[in-house]
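J.: First, the structure itself, so that you have it in front of you.
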Amino acid sequence: MPVLSWLKRQTASRVPVWLWLLVFSAGLLPLLHGVLGVWFHWLGANPIEAVTRASGDWALRFLLLTLLLSSLRRRLGWGLSVRLRRMLGLYAFAYAAVHVLLYLWLDQFFDWAAIGEDIRERPFILAGLLAFLALLPLALTSTRTMMRRLGARWKSLHRLVYGAGLLAVLHFWWMKESKSDVSEPLWYAVLLGMLLLERLPLLYRQWSGRSRVRAASGPD
Amino acid sequence: MLIKKPQQLTENAVTDWGLYQRRREFLRGMAGVALLGAGWFGQPALAVSPRPAGDTTNSWEDITGYNNFYEFGTGKGDPARNAQTLQTSPWDVVVDGQCARPGKYPLEDLLKGMSIEERIYRLRCVEGWSMVIPWQGFELGRLLKRFEPTSQARYVRFETLLDPKQMPAQQGDVLDWPYVEGLRMDEAMHPLTLLATGLYDKTLPNQNGAPLRLVVPWKYGFKSLKSIVRISFVEEEPETTWNRLSPEEYGFYSNVNPEVPHPRWSQARERRIGEFNKRNTLMFNGYADQVASLYAGMDLSLYF
């Protein structure tokens, strides 16, 4: 396929600057929209709710894009698009951090007793918090130095991204369930499900490979 | 407090309906907000509903642009976008059940002889936001008495229009259509309970529940159903839409109560639309003096 080979040529050796810049600026657009929207009153009667929702939406979208890029990289052999993946992942984390901050500040006004109660009493808050906590070590170990230092463990650590994805969808689902409208989280659940399914053969191969090794090294 | 004690109201304190209609035509071009402060007009209305201290009336744009009206979509902006398909004239309301004068009444007949007054009420949504809205309407109880409910009538059941052609989101199954709500008889007869026909001295916009909607200011907003086509006097507590869908989240009473959290969020505070900081939610949405006695002796965490 000519399109595929063109894409491969574009990205096999390194991420071209224009692509890097494109993705980088695209990632800033939701932030820009939120800031300008608050400033110029685009966001309707309840702008705080609007930016809180939007930051959560974009965290989840960037998370799914990160997983999608990994799939494409494996299927198409995109070489150093790992740099792009890191950027998308960091955007997912950044929007999640904004989302959490907006909750702590504009929803709870740093009332830690109320926040504690919210976490204890409301599963959807707990799920969201855990999703964010799962992303935190991934963001912290996203540098090349940390990748090198952690070696093989880096890959295992970064499997946390699946947990974060599942928890984030659950968080969204449980929130919308109370409004009897899960159509949006259902879309994210389907997309996440597809991305996880795509990985199943890979995980299975790794798992069976490991158990073969274990069987071989076990006592005869 | 939003309105004076009902017994202080007199018939001559409110504007005649016919006069009111002509006035509205005259005022159509004027900005609604200015009317609230306009001395000559505001006199009778303001005597009924002085704006409470610390509560600022929300703007027309907020009140008509940020709505929950699932018949037109689940987004807050959907009703304003989609509700033009609603045909509010002609409009009939079926009255049935335990009453001496059931029937199908054209809206004009229902409004005949009803003096329309202004009531500035707080509206607290179960989702945790609130507004202050200048409604025009009349006390529900005054209408209900006309149908001569019998002693068997212990509850009033209300139904919103069911017509997927006019209400496109009814083609989906987000809720069990038609939307049903209900009140205990004494709640329905309470002088705070309003049937609204307008807001900001304009005809009620479709997205706010035209042509006739309920306003029960001490209950969460979803109790105040919109675009009413049926009023039934019933013996048993009616099954209501949200209560049937999720009984542990939405009680039949759904009185505003900061001490009873929704399972998924606290109800202790609320965001007044247009304000940055949250306010503490008041018991019965601040109408405790008028309505707390209705629930004397009831465990409100049980009958939430």
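J.: Looking only at the range B:198-214, which residues are closer than 10 Å to B:THR88 by Cβ and of a type in the set (S, T, N, Q)?
T.: B:THR203, B:ASN206
J.: While we're here: Could you please give the count of residues in the range B:239-259 that are of a type in the set (Val, Ile, Thr) and either more than 10 Å from chain A (Cβ to nearest Cβ) or touching a helix residue (DSSP H, G or I) at 6+ places or on another chain (Cβ under 6 Å) (or both)?
T.: So the answer is 2.
J.: Moving on to the next point. Just give me the residues in the range B:52-68 being among the hydrophobic types (A, V, I, L, M, F, W, C) and part of a loop (DSSP other than H, G, I, E, B), in sequence order.
T.: Matches in the range B:52-68: B:ALA53 only.
J.: Another question about this same structure. Got a sec? Which of B:LEU199, B:LEU140, B:LEU225, B:LEU204 is at pLDDT 95 or above and either surrounded by fewer than 21 Cβ atoms within 10 Å (Cβ to Cβ) or more than 17 Å from B:TYR66 (Cα to Cα) (or both)?
T.: On inspection, the qualifying residue turns out to be B:LEU140.
J.: Oh, and also: Quick one: what pairs do we get from the range B:217-245, first residue assigned to a helix (DSSP H, G or I), second crowded, with 19+ Cβ neighbours inside 10 Å and of a type in the set (Asp, Glu), C-beta under 8 Å, 6+ apart or different chains?
T.: B:PHE222/B:GLU181; B:LYS223/B:GLU181; B:THR241/B:GLU181
J.: Could you say whether any residue in the range B:279-302 is touching a Cys at 6+ places or on another chain (Cβ under 7 Å) and either touching a residue at least 12 places away in the same chain (Cβ under 8 Å) or within 14 Å of chain A (Cβ to nearest Cβ) (or both)?
T.: no
J.: Can you tell which of B:ASN255, B:ASN280 is in contact with a strand residue (DSSP E or B) (Cβ under 7 Å, 6 or more places away or on another chain) and over 30 Å from B:LEU107 (Cβ atoms)?
T.: Numbers: B:ASN255 fails: over 30 Å from B:LEU107 (Cβ atoms).
Only one candidate passes the filter, namely B:ASN280.
J.: Please go through the range B:228-251 and give me each residue that is in contact with a strand residue (DSSP E or B) (Cβ under 9 Å, 6 or more places away or on another chain) and of a type in the set (D, E, K, R), ordered by number.
T.: Matches in the range B:228-251: B:ARG230, B:GLU235, B:GLU236, B:GLU237, B:GLU239, B:ARG244, B:GLU249.
J.: Now, a different point. Across the range B:278-291, what is the number of residues that are of a type in the set (D, E, K, R) and surrounded by fewer than 20 Cβ atoms within 10 Å (Cβ to Cβ)?
T.: Selection size over the range B:278-291: 2.
J.: Kindly state which helices (runs of 4 or more DSSP H) lie completely within the range A:62-146 and contain at least 1 residues that are of a type in the set (Lys, Arg) and more than 14 Å from every other protein chain (Cβ to nearest Cβ).
T.: The qualifying helices (runs of 4 or more DSSP H) are A:82-102.
J.: What number of residues within the range A:12-25 satisfy the criterion of being at pLDDT 90 or above and exposed (fewer than 12 other Cβ atoms within 10 Å of the Cβ)?
T.: Qualifying residue count, the range A:12-25: 2.
J.: I need the full set of residues from the range B:60-115 which are of a type in the set (Ser, Thr, Tyr) and farther than 17 Å from B:THR160 by Cα, in order please.
T.: B:THR64, B:TYR66, B:SER115
J.: Still on this structure, I have one more. So B:VAL215 fits all but one of (1) surrounded by fewer than 20 Cβ atoms within 10 Å (Cβ to Cβ); (2) of a type in the set (Val, Ile, Thr); (3) under 20 Å from the mean Cα position of the chain (by Cα); what number is the exception?
T.: All conditions pass for B:VAL215, except number (1).
J.: Moving on. How many of the residues in the range A:84-118 are surrounded by 20 or more Cβ atoms within 10 Å (Cβ to Cβ) and among the hydroxyl-bearing types (Ser, Thr, Tyr)?
T.: Here the count works out to 2.
J.: May I ask you to verify whether A:LEU170 is at pLDDT 90 or above, assigned to a helix (DSSP H, G or I), within 14 Å of chain B (Cβ to nearest Cβ) and out of contact with any Lys or Arg (no Cβ under 9 Å at 6 or more places or on another chain)?
T.: Considered against the rule, which asks whether it is at pLDDT 90 or above, assigned to a helix (DSSP H, G or I), within 14 Å of chain B (Cβ to nearest Cβ) and out of contact with any Lys or Arg (no Cβ under 9 Å at 6 or more places or on another chain), A:LEU170 comes out as yes.
J.: Okay, next question. Scan the range A:173-201 for residues that are more than 19 Å from the chain's Cα centre (by Cα), surrounded by 12 or more Cβ atoms within 10 Å (Cβ to Cβ) and away from chain B (no Cβ under 14 Å) and jot them down. It would help to see each step written out before you state the result.
T.: Step one: list which residues in the range A:173-201 are more than 19 Å from the chain's Cα centre (by Cα), which gives A:176-183, A:201.
Now narrow it down to the ones that are surrounded by 12 or more Cβ atoms within 10 Å (Cβ to Cβ): A:176-182.
Across the range A:173-201, there are no qualifying residues.
J.: How many of the residues making up the range B:60-78 are at the interface with chain A (Cβ under 8 Å from one of its Cβ atoms) and among the small types (Gly, Ala, Ser)?
T.: Residues meeting the conditions: 2.
J.: Check off (1) on the phi > 0 side of the Ramachandran plot; (2) surrounded by fewer than 20 Cβ atoms within 10 Å (Cβ to Cβ); (3) of a type in the set (Asp, Glu) for B:GLU275 and give me the number that stays unchecked.
T.: Only one criterion is unmet by B:GLU275, namely (1).
J.: Determine if the range B:260-268 includes at least one residue that is among the basic types (Lys, Arg) and either facing chain A (nearest Cβ under 10 Å) or in contact with a helix residue (DSSP H, G or I) (Cβ under 7 Å, 6 or more places away or on another chain) (or both).
T.: So far as the range B:260-268 goes, yes, one or more of its residues are among the basic types (Lys, Arg) and either facing chain A (nearest Cβ under 10 Å) or in contact with a helix residue (DSSP H, G or I) (Cβ under 7 Å, 6 or more places away or on another chain) (or both).
J.: Considering the range A:119-141 alone, what residues qualify as being surrounded by 18 or more Cβ atoms within 10 Å (Cβ to Cβ) and not aliphatic (A, V, I, L, M)?
T.: Of everything in the range A:119-141, those that are surrounded by 18 or more Cβ atoms within 10 Å (Cβ to Cβ) and not aliphatic (A, V, I, L, M) turn out to be A:ARG122, A:PHE124, A:GLY128, A:PHE132.
J.: Just to verify a result, which residue in the range B:184-202, among those that are without any contact (Cβ under 8 Å) to a residue 60 or more places away in the chain and of a type in the set (A, V, I, L, M, F, W, C), is farthest from B:SER293 (Cα to Cα)?
T.: Selected residue: B:LEU195.
The values are calculated or read from the model by the stated rules, or taken from the named source; none is laboratory data. Just so you know, these numbers come straight off a predicted model, no measurement behind them. For neighbour counting, all protein chains shown are included, and Cβ atoms are generated from backbone atoms with ideal geometry for every residue, glycine included.
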